[in-house]
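Written out below as structure tokens is the structure these notes cover.
The values are calculated or read from the model by the stated rules, or taken from the named source; none is laboratory data. Being a predicted model, the structure only gives us computed values, none of them experimental. Because the Cβ atoms are built from the backbone with ideal geometry, glycine has one as well, and the counts that use them run over all protein chains shown.
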Amino acid sequence: MAGATRPEEKPIAPHLSVWRWHVTMASSILHRVTGVGLYGAAIGVALWLMAAAAGPETYAIVDTILSAWYGQIAMYLVIASLAYHLANGIRHLVFDTGAGLTPADADTSAWFAILFAIAAPIGLWALLTFGG
């Protein structure tokens, strides 16, 4: 075909290395990552329930895993993912009303969602540990 460019001559689309990172970009990526992670967490909860239904011997194995340091980290990440996905979902519902769309407001709400995701598991732990 006359005038067609060869594949090695095609322009390269902008990639992440071209763009300056900002909190709303990270927020968008985190929302997708936490959504995928929550699918894995749902499978984990189903396995946990099946182990509980299978009897004390099977549940003891799952309890050992969840009590170990890596199980505790996994549970923290699941709660953090859930908190972040919830906060960011509410943030987008507010965006749907037309509010909070200025760059400053979007940055502030993105930081709030991220900080909420860090604080929520710690707050839940404190409530369960010291709440009486």
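Computed values, structure above
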item: Residue, surrounded by the fewest Cβ atoms within 10 Å (Cβ to Cβ), within segment 67-86, restricted to residues that are among the polar types (S, T, N, Q) and under 23 Å from residue 116 (Cβ atoms); result: 72
item: Top-ranked residue in segment 53-63 [being surrounded by 13 or more Cβ atoms within 10 Å (Cβ to Cβ) and not β-branched (Val, Ile, Thr); ranked as farthest from residue 109 (Cα to Cα)]; result: 59
item: Subset of segment 117-132 (residues that are of a type in the set (Val, Ile, Thr) and either in contact with a Phe, Trp or Tyr (Cβ under 8 Å, 6 or more places away or on another chain) or modelled with pLDDT of 95 or more (or both)); result: 118, 122
item: Subset of segment 113-124 [surrounded by 15 or more Cβ atoms within 10 Å (Cβ to Cβ) and not β-branched (Val, Ile, Thr)]; result: 113, 116, 117, 120, 121, 124
item: Any pair with Cβ under 6 angstrom, 6 or more apart, that starts in segment 98-116 at a residue that is in contact (Cβ under 8 Å) with a residue 24 or more places away in the chain and under 22 Å from residue 79 (Cα atoms) and ends at one that is of a type in the set (S, T, N, Q) and in a helix (DSSP H, G or I); result: 110/24; 110/27; 113/88
item: Residue match in segment 8-29 (condition: surrounded by 10 or more Cβ atoms within 10 Å (Cβ to Cβ), in contact with a Phe, Trp or Tyr (Cβ under 9 Å, 6 or more places away or on another chain), at pLDDT 95 or above and not β-branched (Val, Ile, Thr)); result: yes
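Residues are listed down the side, and each one gets a yes or a no for (1) surrounded by fewer than 16 Cβ atoms within 10 Å (Cβ to Cβ); (2) in a loop (DSSP other than H, G, I, E, B); (3) β-branched (Val, Ile, Thr):
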| residue | (1), (2), (3) |
| --- | --- |
| 40 | yes, no, no |
| 45 | yes, no, yes |
| 51 | no, no, no |
| 65 | yes, no, yes |
| 88 | no, no, no |
| 95 | yes, no, no |
| 98 | yes, yes, no |
| 110 | no, no, no |
